[in-house]
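The values are calculated or read from the model by the stated rules, or taken from the named source; none is laboratory data. Everything numeric in this text was worked out from a predicted model, so none of it was measured. Don't worry about glycine lacking a Cβ; one is built from the backbone with ideal geometry, like all the others, and counts go over all protein chains shown.
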Amino acid sequence: MTNIFDNLADKGSVFKDKQYLDHRFLPDNLPHRKDQITGIAKYWIEALNNVTPSDVTIYGKTGTGKTAAAKFAMKQLEEAASNKELRIRTEYIRCTDYTTEYQVIAKLCQQMGRDVPYRGWTKAEVVNTFRDILKSNLYGNKMILIVVLDEIDILLKNDGDGILYTLTRTDNVSILSISNYVDFKKFIKSRVMSSFRDREIVFPPYGAQQLVDILEERSRLSFNPETLTNDVIPLCAAMAAKEEGDARYALDLLRTAGEIADEKESKLVHGDYVREAKDKIEHNKITDLITTLPAQQQRVLEAILNLTQEKEEITSGKLYDTYKEVSKGDTVSYRRIFDFINELEMLGIISTNTISRGRGRGRTNIISLQCDNDILEDALYSI
Ligand SMILES: Nc1ncnc2c1ncn2[C@@H]1O[C@H](COP(=O)(O)OP(=O)(O)OP(=O)(O)O)[C@@H](O)[C@H]1O
């Protein structure tokens, strides 16, 4: 009997190797980021002269290549250092995974070979262990450690600026911070700012033509030859350029369009599949967002959906009445509904508009849905 996997594997694919479209893949060449990578290298070159480099901060919107450029520079520095037999270490931490100072320092200790638990010790014990590791490497040349803190804004928001205080007060440590927000320094108090004299590098959004270059390079690695029709890459690039020049979104569009071609058993990826891919990505994004909302918030959305389908004008009073019906007695207070409305508006799922009813009759907030009814319905009823 033939194995079920043989049949599926035989179907053929437009992909040669899909891993090259994965977010985690680090290409050997990053088009249009030479200036930024050279910018990092100009500060880090100090390490090759056995001097601790200045701290560096890189800013840019999502998908502008900050992580990729930082990792690329790390690899290059390690290579250059190994040729010179210098003791330079670079350590990368994603602050969405390690959200407190304790966790970051513990992770650094672990990455440098010391078994430190993620809880149970005091902060002082972890920090002392970290400093010991750095000192114990101090024979011959000193060891320079470059710590890359990706999405540092999350860490600072969650746990304050203690991490920067500790790292800036540890000898031979240089920090590279990566942030999506230019104003992340509002989380840093002056006692820390005085020793955190960072150099800043900005990553601008990619333009459509730059995204074409990036996609062309990645598609050569990941797709079989002559499987993309001419309009596919320019379309992905144009759509992603509109979404604030986000290369990650451009790659997602390209990969999803390829997957749609495989699903349809087509030997070619067509422009139409890119449009389908856009809807599919949007659909998945909204579904993910809605399915992870707290249950009461989902009931509020269900009430908004019901009223929208009945073509009702949605005021907060009417919404609260419908919400009570939907949630069958298990309700939150009328006041709490306003917090929910604000949160849903921040997520971009709904919008509110204040209108005046005419003299003496006050002002009313009208709520409207900002996402497709069908997508919302699918998401709410799939929970
Ligand atoms: N110049 C480039 N050449 C090739 N691929 C790129 C380039 N810039 C970004 N990419 C790719 O786009 C994706 C997103 O890039 P990256 O993660 O570096 O963005 P980011 O700015 O760190 O985004 P975020 O702030 O969301 O973390 C990755 O898969 C990366 O390999």
Out of all the residues in the stretch 338-352, is one or more more than 30 Å from Tyr249 (Cα to Cα) and either in contact with a strand residue (DSSP E or B) (Cβ under 7 Å, 6 or more places away or on another chain) or not assigned by TED's automatic domain parsing to the domain that holds Thr256 (or both)?
yes
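Which of the residues belonging to the stretch 341-378 are assigned to a strand (DSSP E or B) and hydrophobic (A, V, I, L, M, F, W, C)?
Within the stretch 341-378, the subset assigned to a strand (DSSP E or B) is 350-356, 363-369.
Of everything in the stretch 341-378, those that are assigned to a strand (DSSP E or B) and hydrophobic (A, V, I, L, M, F, W, C) turn out to be Ile350, Ile355, Ile366, Ile367, Leu369.
Yes/no per residue for (1) under 30 Å from Thr57 (Cα atoms); (2) at pLDDT 95 or above; (3) within 15 Å of the ligand (Cβ to nearest atom):
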| site | (1), (2), (3) |
| --- | --- |
| Gln209 | yes, yes, yes |
| Glu216 | yes, yes, yes |
| Ser219 | no, yes, yes |
| Val269 | no, yes, no |
| Asp288 | no, no, no |
| Leu293 | no, no, no |
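Please go through the stretch 76-129 and pick out each residue that is over 30 Å from Pro27 (Cβ atoms) and of a type in the set (Lys, Arg).
Passing the criteria: Arg114, Arg119, Lys123.
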Does the stretch 146-153 include one or more residues that are touching a Cys at 6+ places or on another chain (Cβ under 8 Å), of a type outside the set (Lys, Arg) and within 20 Å of Arg114 (Cβ to Cβ)?
yes
Restrict the check to the stretch 266-286 and report whether at least one residue is in the same structural domain as Ala237 (by TED's automatic domain parsing), surrounded by 15 or more Cβ atoms within 10 Å (Cβ to Cβ) and closer than 18 Å to Asn342 by Cα.
yes
Which one is nearest to Pro204 (Cα to Cα), of the residues in the stretch 236-260 that are aliphatic (A, V, I, L, M) and crowded, with 24+ Cβ neighbours inside 10 Å?
Ala247
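Among the candidates Thr322, Thr315, which residue alone is at pLDDT 90 or above and surrounded by fewer than 17 Cβ atoms within 10 Å (Cβ to Cβ)?
Numbers: Thr322 fails: surrounded by fewer than 17 Cβ atoms within 10 Å (Cβ to Cβ).
Result: Thr315 is the single residue among Thr322, Thr315 that is at pLDDT 90 or above and surrounded by fewer than 17 Cβ atoms within 10 Å (Cβ to Cβ).
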So which of Thr62, Thr52, Thr57 ends up being surrounded by fewer than 20 Cβ atoms within 10 Å (Cβ to Cβ) and under 24 Å from the mean Cα position of the chain (by Cα)?
Thr62
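Of the residues in the stretch 8-18, how many are part of a helix (DSSP H, G or I) and under 20 Å from Glu216 (Cα atoms)?
Step one: filter the stretch 8-18 for residues part of a helix (DSSP H, G or I), giving 8-9, 18.
Now restrict to residues that are under 20 Å from Glu216 (Cα atoms): 18.
Of the residues in that region, 1 qualify.
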Pairs returned, first residue in the stretch 59-78 that is under 17 Å from Tyr20 (Cα atoms) and in contact (Cβ under 8 Å) with a residue 40 or more places away in the chain, second residue that is more than 9 Å from the ligand (Cβ to nearest atom) and among the hydroxyl-bearing types (Ser, Thr, Tyr), beta-carbon separation under 7 angstrom, 6 or more apart or interchain, are Lys71/Tyr92
Can you find a residue in the stretch 81-100 that is aliphatic (A, V, I, L, M) and farther than 22 Å from Asn172 by Cα?
no
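Looking at Asp171, Asp132, Asp153, which one is among the acidic types (Asp, Glu), outside any helix (DSSP H, G or I) and assigned by TED's automatic domain parsing to the domain that holds Thr52? Please lay out each step first, then the result.
On the way: Asp132 fails: outside any helix (DSSP H, G or I); Asp153 fails: outside any helix (DSSP H, G or I).
From the options Asp171, Asp132, Asp153, the qualifying one is Asp171.
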Within the set of pairs 6 or more residues apart or between chains, which connect a residue that is modelled with pLDDT of 90 or more inside the stretch 12-41 to a residue that is in a loop (DSSP other than H, G, I, E, B) and within 11 Å of the ligand (Cβ to nearest atom) with Cβ atoms less than 7 Å apart?
Gln19/Phe25; Leu30/Gly65; His32/Tyr206; Arg33/Gly65; Ile37/Leu30
Pick from the stretch 174-192, criterion of a type in the set (Gly, Ala, Ser) and not in a helix (DSSP H, G or I), ranking: nearest to Val147 (Cα to Cα):
Ser174
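Every residue, every condition in (1) within 25 Å of Gly245 (Cβ to Cβ); (2) of a type outside the set (Ser, Thr, Tyr); (3) at pLDDT below 95; (4) under 19 Å from the mean Cα position of the chain (by Cα), yes or no:
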| site | (1), (2), (3), (4) |
| --- | --- |
| Asp161 | no, yes, yes, no |
| Thr168 | no, no, yes, no |
| Ser174 | no, no, no, no |
| Val182 | yes, yes, yes, yes |
| Val192 | no, yes, yes, no |
| Asp198 | yes, yes, yes, no |
| Ile201 | yes, yes, no, yes |
Which ones in the stretch 15-63 are of a type in the set (A, V, I, L, M, F, W, C), out of contact with any Lys or Arg (no Cβ under 9 Å at 6 or more places or on another chain) and within 8 Å of the ligand (Cβ to nearest atom)?
Leu30
